[in-house]
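Participant: This is the structure I want to talk about, given as structure tokens.
The values are calculated or read from the model by the stated rules, or taken from the named source; none is laboratory data. Bear in mind the structure is a predicted one, so any value in this text is a computation, not a measurement. Using ideal geometry, Cβ is built from the backbone for each residue, glycine included, and neighbour counts are taken over all protein chains shown.
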Amino acid sequence: MNADDAAADQLPLIDQEDRLMASLVPLAGCRLVEVGCGPARLLRQLLQQVDGLECAALEVDRVQLARNRSEPVCPGLHFIEASAAAMPLPDGWADGVLMLKSLHHVPLDELDTALDEVARVLRPGGWFYVSEPIYAGALNALIRLFNDEGVVRAAAQAALDRALARGRFTAVSEHRFAQAVAYPDFDSFEQRMMRPSFADHRLTPELIAAVRQRFEPHCGPQGARFVRPMHVRLLRRR
């Protein structure tokens, strides 16, 4: 285990990120935008807990978007097909924007444009909550066998730094923690992590076998359990 992995194992465990967010920003009566919403689990949780929310959930993956729209209607939650670099929302529409493990999926040549779009759709003084995985830990070591995100995760952080330097935002706070992640078996891990609808990891039988070999030592009677180290940056639009 290297120093980064050891440090990741020492982070405080936070299973419910909605609680962290609620402790950092006002939510009641807000208009929220989630960029790259995936299944929008956190927005669904917030809508059950917080009064008066209106949420725009943006997703570019049409497979995931179709799944979202096929589920029972959640009042206050609106799914929109849109990329981070072109949000079909009026200037200053949102009180808060969140990106959960999605900023590093924005194409590198669109990162600055995407962050300018975040600033545009936020009202003055609105907040921007960015939660990104830290490039460390046992789960990361496993995933990078088929999807090494070292470059794109670093690029996402550098883009945030540039947006701050350009005066688009001011920094409010940073938080590092770990999230528990569990898989009942390797087949579950393969489907969830190796075969996402939004990416082709060019899997081969040999690569799958190599990942399985590295996965199995983590398995116990209740499956494989990991912690994913996370880094939250909370910014505010000037």
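Participant: Quickly run through segment 48-59 and pick out the residues that are surrounded by fewer than 19 Cβ atoms within 10 Å (Cβ to Cβ) and either among the small types (Gly, Ala, Ser) or in contact with a Gly (Cβ under 8 Å, 6 or more places away or on another chain) (or both).
Facilitator: Correct list: Asp51, Gly52, Glu54.
Participant: Give segment 147-181 a look and list any residue that's more than 17 Å from the chain's Cα centre (by Cα) and either aromatic (Phe, Trp, Tyr) or farther than 30 Å from Gly125 by Cα (or both), or say none.
Facilitator: Phe169
Participant: Scan segment 12-40 residue by residue and report those that are farther than 27 Å from Arg67 by Cα, touching a strand residue (DSSP E or B) at 6+ places or on another chain (Cβ under 6 Å) and in a loop (DSSP other than H, G, I, E, B).
Facilitator: Pro12, Ile14, Val25
Participant: Next question. Given the residues Tyr129, Tyr135, which is the only one that is in contact with a Leu (Cβ under 7 Å, 6 or more places away or on another chain), under 30 Å from Phe226 (Cα atoms) and of a type outside the set (Lys, Arg)?
Facilitator: Tyr129
Participant: Sticking with this structure for a sec: Note down all Cβ pairs under 9 Å where the first residue falls in segment 210-227 and is in a strand (DSSP E or B), the second is modelled with pLDDT under 95 and loosely packed, with under 11 Cβ neighbours inside 10 Å, and they're at least six residues apart or on different chains.
Facilitator: These pairs meet every condition: Val227/Leu13.
Participant: A follow-up question, please. Name the residues in segment 186-206 that are in contact (Cβ under 8 Å) with a residue 24 or more places away in the chain, touching a helix residue (DSSP H, G or I) at 6+ places or on another chain (Cβ under 9 Å) and not aromatic (Phe, Trp, Tyr), would you?
Facilitator: Selection gives Met193, Met194, Ser197, Ala199, His201, Leu203.
Participant: Can you confirm whether Arg176 is on the phi > 0 side of the Ramachandran plot and not in a helix (DSSP H, G or I)?
Facilitator: no
Participant: Continuing with the same structure: Quickly run through segment 147-173 and pick out the residues that are outside any helix (DSSP H, G or I) and among the charged types (D, E, K, R). Don't jump to the end; show me each part of the working.
Facilitator: So the first thing to find is which residues in segment 147-173 are outside any helix (DSSP H, G or I), and the list is 147-149, 166-173.
Matches in segment 147-173: Asp148, Glu149, Arg166, Arg168.
Participant: Follow-up. Are any residues in segment 1-13 of a type in the set (A, V, I, L, M, F, W, C) and either surrounded by fewer than 17 Cβ atoms within 10 Å (Cβ to Cβ) or at pLDDT below 90 (or both), and if so, which ones?
Facilitator: If the condition is that a residue be of a type in the set (A, V, I, L, M, F, W, C) and either surrounded by fewer than 17 Cβ atoms within 10 Å (Cβ to Cβ) or at pLDDT below 90 (or both), then Met1, Ala3, Ala6, Ala7, Ala8, Leu13 are the ones that fit.
Participant: Return the only residue of Ala165, Ala141, Ala156, Ala182 being of a type in the set (A, V, I, L, M) and more than 30 Å from Ile208 (Cβ to Cβ).
Facilitator: Ala165
Participant: Next question. So in segment 133-185, with the set limited to residues that are exposed (fewer than 12 other Cβ atoms within 10 Å of the Cβ), touching a residue at least 60 places away in the same chain (Cβ under 8 Å) and of a type outside the set (Val, Ile, Thr), which one is nearest to Ala199 (Cα to Cα)?
Facilitator: The selected residue is Ala180.
Participant: If the requirement is being over 22 Å from Arg166 (Cβ atoms) and either in contact with a Ser or Thr (Cβ under 9 Å, 6 or more places away or on another chain) or surrounded by fewer than 21 Cβ atoms within 10 Å (Cβ to Cβ) (or both), which of these qualifies: Arg123, Arg19?
Facilitator: Sole residue among the options that is over 22 Å from Arg166 (Cβ atoms) and either in contact with a Ser or Thr (Cβ under 9 Å, 6 or more places away or on another chain) or surrounded by fewer than 21 Cβ atoms within 10 Å (Cβ to Cβ) (or both): Arg19.
Participant: Can I ask one more? Select from segment 24-41 the residues that are farther than 18 Å from Val73 by Cβ and either loosely packed, with under 15 Cβ neighbours inside 10 Å or among the aliphatic types (A, V, I, L, M) (or both) and write down the one among them that is nearest to the chain's Cα centre (by Cα).
Facilitator: Val35
Participant: Select from segment 54-74 the residues that are within 16 Å of the chain's Cα centre (by Cα) and assigned to a loop (DSSP other than H, G, I, E, B) and list them in ascending order.
Facilitator: Val60, Asp61
Participant: Follow-up. Between Asp51, Asp91, which is outside any helix (DSSP H, G or I), of a type in the set (Asp, Glu) and over 26 Å from Ala159 (Cβ atoms)?
Facilitator: Going through Asp51, Asp91 in turn, just one is outside any helix (DSSP H, G or I), of a type in the set (Asp, Glu) and over 26 Å from Ala159 (Cβ atoms): Asp51.
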